[in-house]
Ligand code: SF4
Ligand code: SF4
């Protein structure tokens, strides 16, 4: 029985409700009148408090996703772009993954770290190696990391993860600093989530992989991750442990994308219903080639157009949730979905354990890679590319550091007020990047962009303060200003 407020996985992600949703969507995919009503409902509205969007239910959004009429699909894209512009403007937040350990006791059939893969060397970073990785990441210009680790209570217990977080935050190399550590580790207990919260993590990220229970159990045949309910209910435990910002995600290609789409939205609705705050981010990875893994054996793969439509429909359904895309995707695909709703991308990423320190930008260790990186450009190249496309790369971490997390973040975000902070923060952190790390070519493009964009800070006092701060970053050696 479907119950959005239930704390049981199979009730808030209810198979019958998803199947009924897919049938409803199929029946109404050519119902122009209904689709227009849905688009009108989702459109941004000006209110006394700013711009607001209502979002959509999983049923409404599934109708949009099912629609194949090219004229309406174009309207869906236009609305997604409008919403993206209203809440995120041209800013794109940058981050990098940091792999700590590939020891794992699970047997996820799509991941090369599964315990039966004897071909892959096993590696776990020492604290000294974490330090070297962080210095290499700081030297690239990163300020925001997502740490990744396999599940292994002996090799990677929670104490190891906590030690790594402590090490990461402690390193101040030249002008570098990691100001936000997001954590992507296996589902765990409320007690462990409390420990992660106390360690000052940003977002706790856990991909559901697939919401289809039967497929989930087949794809995770052994190890603690086999337990669908324990995995699916992890975000509730994380929030109970005090973590305000949680990140959802499915691995597209494992099961039917329409099922996954309805599932991830139902998960978001559940968190909103029981915690009063939806997910901070949704990630949209697609399955990739890796050691011992051939993506062609998964017959639910989706093409780039379908992928773009999924991104647009998520943007419309949950307008305040950040959307993340990694270097799994090619430059061309990333370019397409940036305009439709993606708000965070990784750059210069290495998906192996110990992939940063000691390698030149062109060298790429493959031995412990979790998946093939499609976009292999350096961070400098990605930053310049974004600016050439008209985006503003942002290294901002201000909300988390000002305590604007969870419902406090959402309260601001929901009335579009966050833009009063985001725009100058993006420009100031971009200036830090340009001054400390960029190539001369990227710096020239970026400084011209900042000159232009600083004029678009609406509040005059704030604009003047931002101009002063920019000057202090560029000429006074100061760092870490934020609104
Ligand atoms: S996806 Fe995670 S849990 Fe599964 S095998 Fe890979 S590292 Fe282990
Ligand atoms: S001000 Fe907050 S919402 Fe805006 S970019 Fe910075 S951290 Fe993100």
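Bear in mind these aren't lab numbers, they're just calculated from the coordinates by the rules spelled out. Just so we're clear, the structure is a prediction, and the values are computed from it rather than from any experiment. Counting neighbours? That spans all protein chains shown, and the Cβs are built from the backbone with ideal geometry, glycine included.
When peptides 293-301, 88-96, 189-197 are ranked by their average number of other Cβ atoms within 10 Å per residue, the highest-first order is 88-96, 189-197, 293-301. What the Cβ-Cβ distance of residue 230 and residue 407 gives, at R0 = 25 Å and to the nearest 0.05, is a FRET efficiency of 0.45.
Applying 1/(1 + (r/R0)^6) with r as the Cβ-Cβ distance of residue 16 and residue 439 and R0 = 51 angstrom yields a FRET efficiency of 0.40.
Length gained on full extension, residue 163 to residue 300, computed as 0.36 nm times the residue gap minus the Cα-Cα distance: 45.4 nm.
Each DSSP beta bridge with both residues in the chain is either parallel or antiparallel, and the antiparallel ones are about 15%. Need one word for segment 418-476: rounded, prolate or oblate. Basis is the Cα gyration tensor (sqrt eigenvalues a ≥ b ≥ c); a/c below 1.5 gives rounded, then a/b vs b/c decides. It comes out prolate by the Cα gyration axes. Our helix-only sum for the chain, with -39,500 (n - 2.57) per DSSP H run of n ≥ 4 divided by its residues, gives a mean residue ellipticity at 222 nm of -14500 deg cm²/dmol. Packing, taken as the mean count of other beta carbons within 10 Å per residue, orders the peptides 454-462, 15-23, 267-275 from highest to lowest as 267-275, 15-23, 454-462.
Measuring nothing but how far apart in sequence close Cα pairs (under 8 Å, 6+ apart) lie, relative to its length, segment 86-377 scores a relative contact order of 22 percent. Take each peptide in 396-404, 142-150, count the other Cβ atoms within 10 Å of every residue, and average; sorted highest first, the result is 142-150, 396-404. Projected onto its three principal axes, the C-alpha set of segment 86-377 covers 44, 43, 39 Å, listed from the longest axis down. Here the label points at residue 45 and residue 256, each 7 Å from Cα along the C-beta direction, are separated by 3.4 nm in the simple model.
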